[in-house]
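The values are calculated or read from the model by the stated rules, or taken from the named source; none is laboratory data. Just so it is clear, the structure is predicted and the values come from calculations on it, not from any experiment. Don't worry about glycine lacking a Cβ; one is built from the backbone with ideal geometry, like all the others, and counts go over all protein chains shown. For accessibility, only protein heavy atoms count, side chains too; no ligands or nucleic acids. Shrake-Rupley method; radii C 1.70, N 1.55, O 1.52, S 1.80 Å.
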Amino acid sequence: MNFSSNDMSRPAPQSTPSPPDLEKAAHAHIDDRSTEHDQTNSASSSNSHDAHTLAAQNGEPVVHFSPEDRDDPHHWPTWKRYGVVTFASWLNVLVCVCVSGYSTGQEGVESSFGVSAEVGTVGLSLYILGFAVGPLLLAPLSEFYGRKPVYLASWFVFVVFQIPLSLAPNIGTVLVCRFIQGFAGSPPLANTGGVVHDVFKRDESGYATSIYALSSTIGPPFGNAVSGYIAQQKGWRWLFWVYLIVFGAHWLLILFFFPETRSTILLIKKAKTLRKETGNEKIVAPHETERTQPGHLWKVSLVRPFKFLLTEPITMFSALNGFTFGLIFLFNEAFPLIFGPANGGHGLTHSGIVNLTFLSLVTGSIIGWLFTPLQELVYQRKLAENQGKSVPEARMACSLIGTFLLPIGLFLAAWTSYQNLPFIAPLIGAAIFGLGF
């Protein structure tokens with residue numbers, strides 16, 4: 001253990017101990033109360049509570065990660081950090097699958113309840129509305145309670161509400177369940193960026209962030225491709241029964257294999273362990289005392305997102321990203337018209353085959369993701385030129401090119417969608433859009 005100026009024993013009322021005295025007192029306190037534990041475990045730094053530092057803050061010993069603490073998510077093995085990010089990103093893919101997969105069974109919903117196409121589309125829109133509202137409330141909770149509890153609770157609700165949707169007796173039930181699913185399924189969309197930050201330092205997170213970005217772009221079109229045959233062969237109700245099975249299995253994976261990554265939560269657990277083993281109730285983690293203050297959750301964790309949304313310019317500019325994300329879902333309406341039997345399209349009669357055309361967007365996104373090493377090279381070069389100080393703008397190098405590809409792809413997909421033109425032409429346009437996205 002490395003102790004720095006920590007007062008772990010009660011100071012004498014006559015005088016204030018000097019820093020060396022504080023350090024001696026800390027060691028003496030721990031030696032008296034945990035000799036047996038130290039004899040067993042001090043030879044190895046792999047223990048969850050051995051590799052840490054204690055620093056005095058406002059007269060209290062505060063526990064921190066040491067520079068090489070393997071409990072610090074930044075110091076986890078590389079394979080574990082990328083595994084955590086990949087799994088969190090895969091959860092993001094799944095919730096996006098549930099978004100667009102609904103479109104493959106929308107006609108069945110409309111015919112079952114005798115509603116118009118406009119009403120049927122509301123089921124897609126309400127899910128996305130839940131996506132928009134959920135992060136404002138659920139994402140801050142992950143900072144207060146930790147990533148894993150929020151994932152477990154929200155994913156459980158997300159899974160359970162597949163059941164009433166599968167058994168829905170009317171369109172109202174469908175619409176309510178879709179909104180709740182979108183709300184409960186939003187943490188992977190909002191929190192995966194936080195998970196990346198938890199396990200990777202700022203200047204080494206380029207590849208991890210690209211995995212998260214890829215999951216957001218391929219999720220919706222991938223959902224159409226994998227759901228089309230289910231809706232065509234088994235009907236729209238079975239579509240959500242399959243989702244129940246798949247998503248339920250992933251809840252178990254979260255429970256048993258997904259670790260907590262939020263450093264403040266890990267330090268609180270470390271502080272509790274030290275308090276128990278040393279008997280020193282003064283040991284705390286950073287911000288631990290603030291969490292017990294009345295109204296802290298409301299004032300900081302829940303109000304702050306709305307404050308940022310309304311006052312920070314960067315959140316206003318991010319509306320462009322939301323607009324682009326919305327364009328992806330317009331393809332859900334456009335591709336059945338372009339390639340299906342109606343509206344003078346290319347005459348594909350099988351819903352599963354029509355939905356396979358969405359793989360063009362997936363292909364374009366993957367091609368764009370393959371340029372990540374080039375983007376990372378540009379960033380690291382700019383970082384070196386700036387003497388190791390971060391250059392956030394350098395992350396936008398490839399995006400500047402992709403911005404021009406978005407309208408080019410849309411233009412090509414729209415103006416080549418006629419039946420007398422090769423069907424591959426609008427697919428190329430969609431792929432170019434996916435590349436820019």
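Split the accessible area of the range 113-245 by element, probe 1.4 Å, and carbon with sulfur accounts for 73%. A cut-off under 12 angstrom between Cβ atoms defines the neighbours of Val196, and their net charge, with Lys, Arg +1 and Asp, Glu -1, is +2. Here the accessible area of the range 347-437 is 74 percent carbon and sulfur, with a 1.4 angstrom probe and all protein chains present. For the range 110-177, dividing the convex hull volume of the Cα atoms by the residue count gives 72 Å³ per residue.
With 19 Å as the limit, the listed pairs Lys201/Lys272; Lys148/Lys307; Lys148/Lys269 have Lys201/Lys272; Lys148/Lys307 beyond it between alpha carbons. Between the range 410-437 and the range 121-173, the alpha-carbon centres lie 33 Å apart. At a probe radius of 1.4 angstrom, the accessible area of the range 345-437 per residue rounds to 57 square angstrom.
With the alpha-carbon atoms of the range 97-138 aligned to their principal axes, the span from lowest to highest coordinate is 35, 18, 12 Å, starting with the largest. When the alpha-carbon atoms of the range 335-399 are used, the pair Rg, Dmax equals 20.4, 60 angstrom. Across Val99, Val133, the residue with the most accessible area heads the list, and the full order at a 1.4 Å probe is Val133, Val99.
Given a cut-off of 23 Å, what percent of all Cα-Cα pairs of the range 146-243 lie beyond it? The proportion of pairs with Cα distances above 23 Å equals 39 percent.
Taking the Cα centre of the range 318-411 as origin and assigning +1 to Lys and Arg Cβ atoms and -1 to Asp and Glu Cβ atoms, the resulting dipole is close to 220 debye. Taking all C-alpha pairs of the range 70-169, those more than 23 Å from each other amount to 42 percent. With all protein chains in place and ligands, DNA and RNA left out, the 1.4 Å accessible area ranks Arg275, Arg147 as Arg275, Arg147, largest first. At the residue level, Trp238 shows approximately 130 square angstrom of accessible surface with a 1.4 angstrom probe and all protein chains present.
In plain terms, the chain from Leu167 to Gln387 could stretch by 73.1 nm, reckoned as 0.36 nm per residue minus the Cα-Cα distance.
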